[in-house]
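Report on the structure given below.
The values are calculated or read from the model by the stated rules, or taken from the named source; none is laboratory data. Treat the numbers as computed from the prediction; the structure is a model and nothing was measured. Backbone-built Cβ (ideal geometry, glycine too); neighbour counts: all protein chains shown.
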Amino acid sequence: MAKLSEKIGYGFGDLASSMFWKIFSYFIPFFYVDIFGLHPAHAGFLILITKIYDAISDPVMGMIADRTRSKWGVYRPYLLWIAIPFAVVGVLTFFVPSGTYLFKHIYAYVTYILLMTCYTAVNVPYGAMLGVVSTDARERGVFSSYRMFFAYIGGFISMGIFMIFEQSLKGTVKPDGSVITAINQAEPMQFTGVVAIVAVLCAIFFILAFALTREHVKPEKKDKGTSGKDLKALLGNGPWWALTGASIFLLICGAVRGGSMVYYFSNIMGAHVALGGTAFLVIGELAQMAGVPLAVPMSEKIGRKGTGILSLLLIAFACLCVLFVPASFTGFWIFLALHILVCVGIGIISPLLWAMFSDVADYSELKNNTVSTGLVFSSSSMAQKFGSAFGSAIVAWVLAFAGYEKGVVVSGPAVDGAIRGLMSYIPAIAAGIGALLLLLYPLTTSRMEGIRSQLRSARNS
(Lines give C-alpha, C1' and ligand atoms only; values in the text may rest on other atoms or scores of the structure.)
Protein backbone atom coordinates (compact mmCIF):
# COMPACT_ATOMS: atom_id res chain seq x y z
CA MET A 1 0.00 0.00 0.00
CA ALA A 2 1.57 3.28 -1.10
CA LYS A 3 1.88 6.17 1.33
CA LEU A 4 -0.22 9.32 1.02
CA SER A 5 2.98 11.32 0.53
CA GLU A 6 3.79 9.21 -2.54
CA LYS A 7 0.39 9.92 -4.08
CA ILE A 8 0.78 13.63 -3.42
CA GLY A 9 4.34 13.50 -4.77
CA TYR A 10 3.14 11.75 -7.90
CA GLY A 11 0.52 14.48 -8.28
CA PHE A 12 3.25 17.13 -8.05
CA GLY A 13 4.77 15.73 -11.25
CA ASP A 14 1.71 16.54 -13.35
CA LEU A 15 1.18 19.78 -11.45
CA ALA A 16 4.55 20.83 -12.89
CA SER A 17 3.85 19.46 -16.39
CA SER A 18 0.41 20.99 -16.52
CA MET A 19 1.65 24.47 -15.68
CA PHE A 20 3.51 24.57 -18.99
CA TRP A 21 1.02 22.38 -20.85
CA LYS A 22 -1.72 24.94 -20.24
CA ILE A 23 0.52 27.63 -21.70
CA PHE A 24 1.07 25.41 -24.77
CA SER A 25 -2.64 24.72 -25.12
CA TYR A 26 -4.06 28.15 -24.42
CA PHE A 27 -1.43 30.70 -25.36
CA ILE A 28 0.87 29.27 -28.05
CA PRO A 29 -1.24 30.37 -31.09
CA PHE A 30 -1.89 33.73 -29.41
CA PHE A 31 1.77 34.19 -28.39
CA TYR A 32 3.27 33.43 -31.79
CA VAL A 33 0.75 35.61 -33.67
CA ASP A 34 0.10 38.56 -31.35
CA ILE A 35 3.29 38.77 -29.25
CA PHE A 36 6.05 37.13 -31.32
CA GLY A 37 4.70 38.56 -34.59
CA LEU A 38 4.40 35.52 -36.89
CA HIS A 39 1.76 35.37 -39.59
CA PRO A 40 -1.11 33.11 -38.41
CA ALA A 41 -0.49 30.58 -41.21
CA HIS A 42 3.22 30.40 -40.34
CA ALA A 43 2.38 29.99 -36.67
CA GLY A 44 0.01 27.15 -37.50
CA PHE A 45 2.66 25.24 -39.45
CA LEU A 46 5.25 25.89 -36.74
CA ILE A 47 2.99 24.44 -34.04
CA LEU A 48 1.99 21.46 -36.17
CA ILE A 49 5.46 20.51 -37.39
CA THR A 50 7.21 20.86 -34.03
CA LYS A 51 4.57 18.95 -32.13
CA ILE A 52 4.43 16.16 -34.71
CA TYR A 53 8.20 15.81 -34.27
CA ASP A 54 7.61 15.79 -30.53
CA ALA A 55 4.87 13.17 -30.78
CA ILE A 56 7.06 10.89 -32.91
CA SER A 57 9.88 11.22 -30.37
CA ASP A 58 7.64 9.95 -27.56
CA PRO A 59 7.96 6.21 -28.39
CA VAL A 60 11.75 6.66 -28.68
CA MET A 61 11.81 8.20 -25.21
CA GLY A 62 9.57 5.41 -23.94
CA MET A 63 12.04 2.76 -25.11
CA ILE A 64 14.96 4.70 -23.63
CA ALA A 65 13.16 4.98 -20.30
CA ASP A 66 12.29 1.24 -20.29
CA ARG A 67 15.99 0.48 -20.53
CA THR A 68 17.17 3.00 -17.90
CA ARG A 69 18.62 1.55 -14.71
CA SER A 70 19.73 3.75 -11.80
CA LYS A 71 19.83 3.70 -8.02
CA TRP A 72 16.64 5.81 -8.08
CA GLY A 73 14.68 3.49 -10.36
CA VAL A 74 13.77 3.25 -14.02
CA TYR A 75 11.49 6.23 -14.70
CA ARG A 76 11.72 8.37 -11.56
CA PRO A 77 15.24 9.87 -12.09
CA TYR A 78 14.10 11.82 -15.15
CA LEU A 79 12.06 14.06 -12.85
CA LEU A 80 15.33 15.22 -11.34
CA TRP A 81 17.53 15.19 -14.44
CA ILE A 82 15.24 17.26 -16.71
CA ALA A 83 13.60 19.69 -14.25
CA ILE A 84 16.01 22.61 -14.64
CA PRO A 85 16.73 22.23 -18.41
CA PHE A 86 12.97 22.22 -19.01
CA ALA A 87 12.52 25.47 -17.08
CA VAL A 88 15.42 27.23 -18.84
CA VAL A 89 14.31 26.24 -22.34
CA GLY A 90 10.73 27.22 -21.46
CA VAL A 91 11.79 30.80 -20.76
CA LEU A 92 13.86 30.94 -23.98
CA THR A 93 10.87 29.74 -26.00
CA PHE A 94 8.74 32.64 -24.79
CA PHE A 95 11.46 35.20 -25.38
CA VAL A 96 11.15 37.41 -28.47
CA PRO A 97 14.58 38.15 -30.01
CA SER A 98 15.33 41.16 -32.17
CA GLY A 99 16.24 40.55 -35.80
CA THR A 100 14.70 39.84 -39.16
CA TYR A 101 11.47 37.94 -39.61
CA LEU A 102 13.42 34.96 -40.97
CA PHE A 103 15.75 34.90 -37.95
CA LYS A 104 12.81 35.08 -35.54
CA HIS A 105 11.02 32.35 -37.47
CA ILE A 106 14.07 30.04 -37.20
CA TYR A 107 14.50 30.94 -33.51
CA ALA A 108 10.87 29.98 -32.87
CA TYR A 109 11.36 26.55 -34.49
CA VAL A 110 14.61 25.81 -32.63
CA THR A 111 13.41 26.84 -29.16
CA TYR A 112 9.99 25.22 -29.48
CA ILE A 113 11.53 21.93 -30.65
CA LEU A 114 13.95 22.04 -27.69
CA LEU A 115 11.08 22.75 -25.31
CA MET A 116 9.03 19.85 -26.62
CA THR A 117 12.08 17.58 -26.39
CA CYS A 118 12.50 18.46 -22.71
CA TYR A 119 8.78 17.97 -22.13
CA THR A 120 8.99 14.50 -23.67
CA ALA A 121 12.11 13.58 -21.69
CA VAL A 122 10.40 14.27 -18.37
CA ASN A 123 6.74 13.55 -19.08
CA VAL A 124 7.01 10.15 -20.80
CA PRO A 125 8.96 8.55 -17.91
CA TYR A 126 6.68 10.30 -15.43
CA GLY A 127 3.59 8.84 -17.08
CA ALA A 128 5.17 5.38 -17.16
CA MET A 129 5.68 5.56 -13.40
CA LEU A 130 1.97 4.81 -13.00
CA GLY A 131 2.76 1.25 -14.04
CA VAL A 132 5.39 0.78 -11.31
CA VAL A 133 4.02 2.68 -8.30
CA SER A 134 1.65 -0.20 -7.48
CA THR A 135 0.46 -3.57 -8.75
CA ASP A 136 -3.10 -2.95 -7.54
CA ALA A 137 -5.49 -1.72 -10.26
CA ARG A 138 -7.66 0.34 -7.93
CA GLU A 139 -4.63 1.99 -6.32
CA ARG A 140 -3.32 2.87 -9.77
CA GLY A 141 -6.67 4.51 -10.42
CA VAL A 142 -6.28 6.49 -7.20
CA PHE A 143 -2.76 7.54 -8.24
CA SER A 144 -4.17 8.62 -11.60
CA SER A 145 -6.86 10.68 -9.87
CA TYR A 146 -4.23 12.36 -7.69
CA ARG A 147 -2.28 13.04 -10.85
CA MET A 148 -5.16 14.72 -12.63
CA PHE A 149 -6.35 16.62 -9.55
CA PHE A 150 -2.91 18.12 -9.11
CA ALA A 151 -2.65 18.68 -12.87
CA TYR A 152 -5.66 20.94 -12.63
CA ILE A 153 -4.16 22.66 -9.60
CA GLY A 154 -1.11 23.30 -11.79
CA GLY A 155 -3.32 24.66 -14.53
CA PHE A 156 -5.17 26.79 -11.98
CA ILE A 157 -1.88 28.24 -10.70
CA SER A 158 -0.56 28.86 -14.20
CA MET A 159 -3.76 30.46 -15.48
CA GLY A 160 -4.11 32.37 -12.20
CA ILE A 161 -0.69 33.90 -12.74
CA PHE A 162 -1.72 34.88 -16.26
CA MET A 163 -5.04 36.26 -15.01
CA ILE A 164 -3.21 38.51 -12.53
CA PHE A 165 -0.83 39.47 -15.35
CA GLU A 166 -3.73 40.35 -17.65
CA GLN A 167 -5.47 42.44 -15.00
CA SER A 168 -2.26 44.26 -14.05
CA LEU A 169 -1.67 45.18 -17.70
CA LYS A 170 -4.95 47.03 -18.17
CA GLY A 171 -4.43 50.77 -18.02
CA THR A 172 -0.63 50.50 -18.29
CA VAL A 173 0.97 53.10 -20.56
CA LYS A 174 3.31 51.67 -23.21
CA PRO A 175 6.56 53.39 -24.29
CA ASP A 176 4.79 54.79 -27.35
CA GLY A 177 2.21 56.49 -25.12
CA SER A 178 -0.70 54.11 -25.87
CA VAL A 179 -2.71 52.52 -23.08
CA ILE A 180 -2.95 48.72 -22.77
CA THR A 181 -6.53 47.44 -22.76
CA ALA A 182 -6.01 43.71 -23.51
CA ILE A 183 -3.35 41.02 -23.06
CA ASN A 184 -2.53 40.96 -26.78
CA GLN A 185 -1.02 44.44 -26.35
CA ALA A 186 1.58 43.29 -23.81
CA GLU A 187 5.25 44.00 -24.39
CA PRO A 188 7.25 40.84 -25.30
CA MET A 189 9.48 41.04 -22.20
CA GLN A 190 6.40 41.28 -19.99
CA PHE A 191 5.21 37.99 -21.44
CA THR A 192 8.66 36.42 -20.98
CA GLY A 193 8.72 37.55 -17.34
CA VAL A 194 5.43 35.91 -16.44
CA VAL A 195 6.51 32.65 -18.14
CA ALA A 196 9.73 32.74 -16.09
CA ILE A 197 7.68 32.68 -12.88
CA VAL A 198 5.85 29.59 -14.10
CA ALA A 199 9.13 27.96 -15.15
CA VAL A 200 10.72 28.31 -11.69
CA LEU A 201 7.64 26.82 -9.98
CA CYS A 202 7.62 24.02 -12.54
CA ALA A 203 11.22 23.01 -11.74
CA ILE A 204 10.55 23.07 -7.99
CA PHE A 205 7.55 20.76 -8.24
CA PHE A 206 9.37 18.28 -10.50
CA ILE A 207 12.14 18.00 -7.92
CA LEU A 208 9.57 17.55 -5.13
CA ALA A 209 7.89 14.80 -7.18
CA PHE A 210 11.24 13.02 -7.46
CA ALA A 211 11.88 13.32 -3.72
CA LEU A 212 8.48 12.03 -2.58
CA THR A 213 7.79 9.15 -4.99
CA ARG A 214 9.09 5.57 -5.12
CA GLU A 215 8.96 2.73 -7.67
CA HIS A 216 7.54 -0.40 -5.99
CA VAL A 217 7.30 -2.67 -9.03
CA LYS A 218 10.72 -3.84 -10.14
CA PRO A 219 10.75 -4.58 -13.89
CA GLU A 220 12.74 -7.39 -15.38
CA LYS A 221 16.02 -6.55 -17.04
CA LYS A 222 15.21 -5.28 -20.51
CA ASP A 223 16.90 -6.72 -23.56
CA LYS A 224 18.33 -3.74 -25.43
CA GLY A 225 17.86 -5.47 -28.74
CA THR A 226 14.06 -5.76 -28.62
CA SER A 227 13.05 -2.27 -29.82
CA GLY A 228 11.64 -3.56 -33.09
CA LYS A 229 9.69 -6.27 -31.29
CA ASP A 230 8.28 -3.71 -28.86
CA LEU A 231 7.13 -1.41 -31.66
CA LYS A 232 5.59 -4.31 -33.60
CA ALA A 233 3.70 -5.40 -30.49
CA LEU A 234 2.44 -1.85 -29.92
CA LEU A 235 1.23 -1.42 -33.49
CA GLY A 236 -0.59 -4.76 -33.26
CA ASN A 237 -2.35 -3.74 -30.04
CA GLY A 238 -6.02 -3.07 -30.90
CA PRO A 239 -7.00 -1.50 -27.55
CA TRP A 240 -4.02 0.86 -27.86
CA TRP A 241 -5.26 2.15 -31.24
CA ALA A 242 -8.78 2.82 -29.93
CA LEU A 243 -7.60 4.51 -26.74
CA THR A 244 -4.92 6.59 -28.46
CA GLY A 245 -7.39 7.79 -31.08
CA ALA A 246 -9.94 8.81 -28.43
CA SER A 247 -7.22 10.63 -26.49
CA ILE A 248 -6.07 12.55 -29.58
CA PHE A 249 -9.56 13.82 -30.35
CA LEU A 250 -10.20 14.78 -26.72
CA LEU A 251 -6.99 16.85 -26.82
CA ILE A 252 -7.98 18.42 -30.15
CA CYS A 253 -11.25 19.46 -28.54
CA GLY A 254 -9.49 21.00 -25.54
CA ALA A 255 -6.74 22.70 -27.55
CA VAL A 256 -9.19 24.29 -29.99
CA ARG A 257 -11.37 25.62 -27.17
CA GLY A 258 -8.45 26.80 -25.07
CA GLY A 259 -6.59 28.38 -27.96
CA SER A 260 -9.62 30.35 -29.10
CA MET A 261 -10.83 31.47 -25.65
CA VAL A 262 -8.86 34.74 -25.62
CA TYR A 263 -10.16 35.56 -29.10
CA TYR A 264 -13.73 34.66 -28.11
CA PHE A 265 -13.65 37.18 -25.29
CA SER A 266 -11.84 39.85 -27.32
CA ASN A 267 -14.14 39.65 -30.34
CA ILE A 268 -17.45 38.17 -29.16
CA MET A 269 -18.05 38.63 -25.43
CA GLY A 270 -15.65 41.44 -24.55
CA ALA A 271 -18.18 44.25 -24.76
CA HIS A 272 -20.68 42.51 -22.48
CA VAL A 273 -18.59 41.36 -19.50
CA ALA A 274 -15.64 42.62 -17.48
CA LEU A 275 -14.24 39.11 -17.01
CA GLY A 276 -11.30 38.33 -19.30
CA GLY A 277 -10.52 35.14 -21.17
CA THR A 278 -7.74 34.11 -18.77
CA ALA A 279 -10.10 34.44 -15.79
CA PHE A 280 -12.50 32.15 -17.62
CA LEU A 281 -9.70 29.61 -18.09
CA VAL A 282 -9.09 29.71 -14.33
CA ILE A 283 -12.77 28.91 -13.71
CA GLY A 284 -12.41 26.02 -16.14
CA GLU A 285 -9.49 24.59 -14.16
CA LEU A 286 -11.63 24.65 -11.00
CA ALA A 287 -14.46 22.87 -12.81
CA GLN A 288 -12.05 20.21 -14.07
CA MET A 289 -10.78 19.71 -10.52
CA ALA A 290 -14.40 19.19 -9.43
CA GLY A 291 -14.83 16.50 -12.09
CA VAL A 292 -11.79 14.43 -11.05
CA PRO A 293 -13.28 12.99 -7.81
CA LEU A 294 -16.23 11.67 -9.84
CA ALA A 295 -14.01 9.47 -12.03
CA VAL A 296 -13.41 6.56 -9.63
CA PRO A 297 -16.99 6.13 -8.28
CA MET A 298 -18.51 6.48 -11.77
CA SER A 299 -16.08 3.96 -13.27
CA GLU A 300 -16.84 1.51 -10.45
CA LYS A 301 -20.54 1.69 -11.36
CA ILE A 302 -20.48 1.71 -15.17
CA GLY A 303 -16.83 0.90 -15.97
CA ARG A 304 -14.03 3.05 -17.28
CA LYS A 305 -15.14 2.67 -20.89
CA GLY A 306 -18.77 3.64 -20.19
CA THR A 307 -17.73 6.61 -18.06
CA GLY A 308 -15.35 7.81 -20.77
CA ILE A 309 -17.99 7.64 -23.51
CA LEU A 310 -20.55 9.42 -21.35
CA SER A 311 -18.07 12.18 -20.53
CA LEU A 312 -17.17 12.73 -24.20
CA LEU A 313 -20.83 12.94 -25.19
CA LEU A 314 -21.43 15.52 -22.44
CA ILE A 315 -18.48 17.56 -23.72
CA ALA A 316 -19.71 17.38 -27.33
CA PHE A 317 -23.24 18.44 -26.37
CA ALA A 318 -22.11 21.40 -24.26
CA CYS A 319 -19.68 22.59 -26.97
CA LEU A 320 -22.35 22.42 -29.66
CA CYS A 321 -24.74 24.49 -27.54
CA VAL A 322 -22.21 27.35 -27.47
CA LEU A 323 -23.02 28.02 -31.14
CA PHE A 324 -26.46 29.30 -30.10
CA VAL A 325 -25.32 31.49 -27.19
CA PRO A 326 -26.03 35.20 -27.83
CA ALA A 327 -23.35 37.84 -27.36
CA SER A 328 -24.99 39.52 -24.39
CA PHE A 329 -24.85 39.73 -20.61
CA THR A 330 -27.34 36.84 -20.37
CA GLY A 331 -25.40 34.92 -22.98
CA PHE A 332 -22.27 35.23 -20.87
CA TRP A 333 -23.91 33.33 -17.99
CA ILE A 334 -25.20 30.66 -20.35
CA PHE A 335 -21.70 30.32 -21.80
CA LEU A 336 -20.24 30.08 -18.30
CA ALA A 337 -22.60 27.20 -17.44
CA LEU A 338 -21.73 25.36 -20.67
CA HIS A 339 -18.02 25.96 -20.08
CA ILE A 340 -18.30 24.43 -16.61
CA LEU A 341 -20.10 21.37 -18.06
CA VAL A 342 -17.34 20.86 -20.62
CA CYS A 343 -14.63 21.16 -18.00
CA VAL A 344 -16.34 18.80 -15.55
CA GLY A 345 -16.54 16.24 -18.37
CA ILE A 346 -12.83 16.69 -19.09
CA GLY A 347 -12.08 16.34 -15.38
CA ILE A 348 -13.90 13.00 -15.28
CA ILE A 349 -12.39 11.41 -18.37
CA SER A 350 -8.78 12.59 -18.05
CA PRO A 351 -7.70 10.37 -15.10
CA LEU A 352 -9.59 7.44 -16.62
CA LEU A 353 -7.56 7.64 -19.82
CA TRP A 354 -4.29 7.39 -17.92
CA ALA A 355 -5.60 4.44 -15.91
CA MET A 356 -6.81 2.79 -19.11
CA PHE A 357 -3.32 3.09 -20.60
CA SER A 358 -2.07 1.09 -17.60
CA ASP A 359 -4.68 -1.54 -18.56
CA VAL A 360 -3.31 -1.51 -22.12
CA ALA A 361 0.22 -2.03 -20.71
CA ASP A 362 -0.98 -5.07 -18.71
CA TYR A 363 -2.82 -6.44 -21.75
CA SER A 364 0.34 -6.02 -23.85
CA GLU A 365 2.49 -7.74 -21.23
CA LEU A 366 0.19 -10.76 -21.14
CA LYS A 367 -0.27 -10.96 -24.90
CA ASN A 368 3.36 -10.40 -25.93
CA ASN A 369 5.21 -11.67 -22.85
CA THR A 370 7.27 -8.46 -22.67
CA VAL A 371 7.21 -5.43 -20.38
CA SER A 372 6.99 -2.17 -22.38
CA THR A 373 5.33 0.12 -19.85
CA GLY A 374 7.33 3.17 -20.91
CA LEU A 375 6.55 2.63 -24.58
CA VAL A 376 2.82 2.17 -23.93
CA PHE A 377 2.64 5.26 -21.74
CA SER A 378 4.68 7.23 -24.27
CA SER A 379 1.73 6.77 -26.61
CA SER A 380 -0.52 8.62 -24.17
CA SER A 381 1.93 11.49 -24.22
CA MET A 382 2.09 11.15 -28.02
CA ALA A 383 -1.70 11.48 -28.15
CA GLN A 384 -1.44 14.68 -26.14
CA LYS A 385 1.09 16.09 -28.56
CA PHE A 386 -0.84 15.15 -31.71
CA GLY A 387 -4.09 16.45 -30.25
CA SER A 388 -2.53 19.67 -29.04
CA ALA A 389 -0.61 20.12 -32.31
CA PHE A 390 -3.65 19.77 -34.55
CA GLY A 391 -5.89 21.69 -32.14
CA SER A 392 -3.55 24.69 -31.87
CA ALA A 393 -2.79 24.62 -35.59
CA ILE A 394 -6.52 24.54 -36.38
CA VAL A 395 -7.00 27.73 -34.35
CA ALA A 396 -4.22 29.55 -36.25
CA TRP A 397 -5.32 28.28 -39.66
CA VAL A 398 -9.01 29.08 -39.17
CA LEU A 399 -8.11 32.61 -38.06
CA ALA A 400 -5.78 33.04 -41.04
CA PHE A 401 -8.47 31.76 -43.45
CA ALA A 402 -11.00 34.19 -41.97
CA GLY A 403 -8.59 37.12 -42.38
CA TYR A 404 -7.74 37.79 -38.75
CA GLU A 405 -5.20 40.59 -38.22
CA LYS A 406 -3.01 41.06 -35.17
CA GLY A 407 -4.34 43.60 -32.72
CA VAL A 408 -7.74 44.01 -34.43
CA VAL A 409 -10.43 43.55 -31.78
CA VAL A 410 -13.49 43.72 -34.02
CA SER A 411 -12.65 42.13 -37.37
CA GLY A 412 -16.02 41.65 -39.00
CA PRO A 413 -18.48 38.77 -39.49
CA ALA A 414 -16.00 36.37 -41.11
CA VAL A 415 -13.60 36.44 -38.16
CA ASP A 416 -16.40 36.44 -35.59
CA GLY A 417 -18.03 33.45 -37.29
CA ALA A 418 -14.73 31.60 -37.35
CA ILE A 419 -14.17 32.22 -33.65
CA ARG A 420 -17.70 31.02 -32.83
CA GLY A 421 -16.98 27.84 -34.78
CA LEU A 422 -13.74 27.32 -32.88
CA MET A 423 -15.65 27.51 -29.61
CA SER A 424 -18.59 25.32 -30.65
CA TYR A 425 -19.02 22.83 -33.47
CA ILE A 426 -15.32 22.20 -34.20
CA PRO A 427 -14.51 20.94 -30.66
CA ALA A 428 -17.93 19.21 -30.53
CA ILE A 429 -17.05 17.18 -33.64
CA ALA A 430 -13.69 16.23 -32.11
CA ALA A 431 -15.30 15.04 -28.86
CA GLY A 432 -17.93 13.08 -30.79
CA ILE A 433 -15.27 11.26 -32.83
CA GLY A 434 -13.46 10.47 -29.57
CA ALA A 435 -16.62 8.86 -28.18
CA LEU A 436 -17.03 6.73 -31.31
CA LEU A 437 -13.42 5.52 -31.07
CA LEU A 438 -13.84 4.67 -27.39
CA LEU A 439 -16.76 2.42 -28.35
CA LEU A 440 -14.15 0.20 -30.07
CA TYR A 441 -12.06 -0.13 -26.89
CA PRO A 442 -12.44 -3.80 -25.79
CA LEU A 443 -10.83 -3.89 -22.31
CA THR A 444 -13.88 -3.92 -20.07
CA THR A 445 -13.70 -4.25 -16.28
CA SER A 446 -14.46 -7.97 -16.29
CA ARG A 447 -11.92 -8.68 -19.02
CA MET A 448 -9.20 -6.76 -17.13
CA GLU A 449 -9.89 -8.77 -13.98
CA GLY A 450 -9.09 -11.93 -15.92
CA ILE A 451 -5.96 -10.41 -17.48
CA ARG A 452 -4.59 -9.28 -14.11
CA SER A 453 -5.29 -12.68 -12.58
CA GLN A 454 -3.27 -14.34 -15.35
CA LEU A 455 -0.48 -11.77 -14.96
CA ARG A 456 -0.23 -12.40 -11.20
CA SER A 457 0.10 -16.12 -11.84
CA ALA A 458 2.74 -15.56 -14.53
CA ARG A 459 4.76 -13.13 -12.38
CA ASN A 460 4.73 -15.47 -9.38
CA SER A 461 5.70 -18.56 -11.37
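Report, by residue number, each residue of the range 30-53 that is small (Gly, Ala, Ser) and either out of contact with any helix residue (DSSP H, G or I) (no Cβ under 8 Å at 6 or more places or on another chain) or surrounded by 22 or more Cβ atoms within 10 Å (Cβ to Cβ) (or both).
ALA43, GLY44
Could you count how many residues in the range 8-29 are surrounded by 22 or more Cβ atoms within 10 Å (Cβ to Cβ) and over 17 Å from the mean Cα position of the chain (by Cα)?
Looking only at that region, the number is 1.
Go through the range 126-175 and report how many residues are part of a loop (DSSP other than H, G, I, E, B) and crowded, with 18+ Cβ neighbours inside 10 Å.
Summing the residues that are part of a loop (DSSP other than H, G, I, E, B) and crowded, with 18+ Cβ neighbours inside 10 Å in the range 126-175 gives 3.
Report, ordered by the first and then the second residue, all pairs with beta carbons closer than 6 Å, sequence separation of six or more or different chains, a first member in the range 429-444 that is assigned to a helix (DSSP H, G or I), and a second member that is small (Gly, Ala, Ser).
ALA431/ALA316; GLY432/ALA316; GLY434/ALA246; LEU437/ALA242; LEU437/GLY245; LEU437/ALA246; LEU438/ALA246; LEU438/GLY308
Can you tell me how many residues within the range 310-359 are over 18 Å from PHE280 (Cβ atoms) and either outside any helix (DSSP H, G or I) or at pLDDT below 95 (or both)?
Qualifying residue count for the region: 13.
Taking interchain pairs and intrachain pairs at least six residues apart, which have beta carbon atoms under 7 angstrom, with the first residue in the range 120-149 and within 10 Å of SER358 (Cα to Cα) and the second assigned to a helix (DSSP H, G or I) and charged (D, E, K, R)?
Close Cβ pairs satisfying both conditions: LEU130/ARG140; ALA137/ARG452.
Kindly indicate which of MET1, MET61 is outside any helix (DSSP H, G or I) and not small (Gly, Ala, Ser).
From the options MET1, MET61, the qualifying one is MET1.
Determine which single condition LEU275 fails, assuming it passes every other condition in (1) within 16 Å of CYS343 (Cβ to Cβ); (2) surrounded by fewer than 19 Cβ atoms within 10 Å (Cβ to Cβ); (3) modelled with pLDDT of 85 or more.
Going through the list (1) within 16 Å of CYS343 (Cβ to Cβ); (2) surrounded by fewer than 19 Cβ atoms within 10 Å (Cβ to Cβ); (3) modelled with pLDDT of 85 or more, LEU275 breaks only (3).
Looking only at the range 95-125, which residues are assigned to a helix (DSSP H, G or I) and polar (S, T, N, Q)?
THR111, THR117, THR120, ASN123
Give all pairs with beta carbons closer than 7 Å in which a residue from the range 260-278 that is over 14 Å from ARG420 (Cβ atoms) and hydroxyl-bearing (Ser, Thr, Tyr) meets a residue that is modelled with pLDDT of 75 or more and surrounded by 22 or more Cβ atoms within 10 Å (Cβ to Cβ); count only pairs at least 6 apart in sequence or on separate chains.
Once the first residue is over 14 Å from ARG420 (Cβ atoms) and hydroxyl-bearing (Ser, Thr, Tyr) and sits in the range 260-278, its partners that are modelled with pLDDT of 75 or more and surrounded by 22 or more Cβ atoms within 10 Å (Cβ to Cβ) give THR278/MET159; THR278/PHE162.
Here is a check on your reading of the model: is TYR53 more than 18 Å from ALA383 (Cα to Cα) and assigned to a helix (DSSP H, G or I)?
Answer is no for this residue.
Somewhere in the range 71-85, is a residue buried (at least 24 other Cβ atoms within 10 Å of the Cβ), in a helix (DSSP H, G or I) and in contact with a Leu (Cβ under 8 Å, 6 or more places away or on another chain)?
no
Aliphatic (A, V, I, L, M) and either modelled with pLDDT under 90 or in contact with a His (Cβ under 9 Å, 6 or more places away or on another chain) (or both), is that true of ILE52?
yes
If the requirement is being closer than 29 Å to SER446 by Cβ, of a type in the set (A, V, I, L, M), in contact (Cβ under 8 Å) with a residue 60 or more places away in the chain and surrounded by 24 or more Cβ atoms within 10 Å (Cβ to Cβ), which of these qualifies: VAL360, VAL342?
Answer to the selection: VAL360.
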